[in-house]
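Following: one structure in structure tokens, then a few remarks.
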Amino acid sequence: MNIKKLTALALSGALSLTLLSGCGKKEGTTLKVGATPAPHAEILTVVKDILAKEDITLEIVEFTDYRTPNDSTEDGSIDANYFQHITYMNNYNEENGTHLVSVGAIHYEPFGLYPSKAATLAELSDGALIGVPNDTTNEARALLLLEQAGLITLKDGVGINATKLAIAAFIVPYIFAFNPDMLLVDTNAIQVLQISATSLIGLFGVAAALNGHLFRPIAPLVRAAMALGGLAMMFPGHASDIAGLVLVLGAVFYQRFTAGRAA
């Protein structure tokens, strides 16, 4: 029996248990489950045939992101989802105030390093771009894997709580991309230009704050606003981009117009 079939059997048992605990009767029931395309939706297609023998109709809803399936489960649009590990789910609940629970253990997705051109890690050149997940739990797994491969050094004891701030040293000067849009994966040119523009403006804000001079010496509060705005624009998310842009541009206009008055 292959691993997909074995996983499907275990999952069908968990879904049947969900129906029994939720409504007390499972015959003639339709169960709507969300999943990411591969391998989860593929496994569910096997589960669908198994549940059909028990008079349970499984409707598979595919999602291409990791947020929508949890939100859809929370609001009742779907009955369950199948794509995440328990650590991710717990972190999602904590950050978003949701009330998701696990109804059964599933397989754990392995992590690996997948080069596009280099055949081995030793062939990676200086300045190579390495993409890592930008969600907290899988980012930590990626950083631990990179440390194991000898590419970075993490602070002692960070474990699964590792974040970018825990990186103590880069052994080789690689570039790490925490925003998938910059890797041109499931994105378009407009999104890439937007990310590039906000990042450059953010770098300008941080640089000006560190330099302490823009048209004229920058007051401490204005420097703090520029630094916070610059950092916000380098953090993924439209809300942080807008807030950061307001702070940086506000500081620039303040410096420009007050410099003219001072003259």
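Brief remarks on what is shown
- Qualifying residue in region 108-119 (condition: farther than 26 Å from Leu144 by Cβ and not assigned by TED's automatic domain parsing to the domain that holds Ile152): no
- Hits in region 211-263 (condition: within 34 Å of the chain's Cα centre (by Cα), at pLDDT below 90 and not small (Gly, Ala, Ser)): Asn211, Leu231, Met233, Met234, Phe235, Pro236, His238, Asp241
The values are calculated or read from the model by the stated rules, or taken from the named source; none is laboratory data. This structure is a prediction, so every number in the text was calculated from the model and none was measured. So basically every Cβ, Gly included, is an ideal-geometry build from the backbone, and we count neighbours across all protein chains shown.
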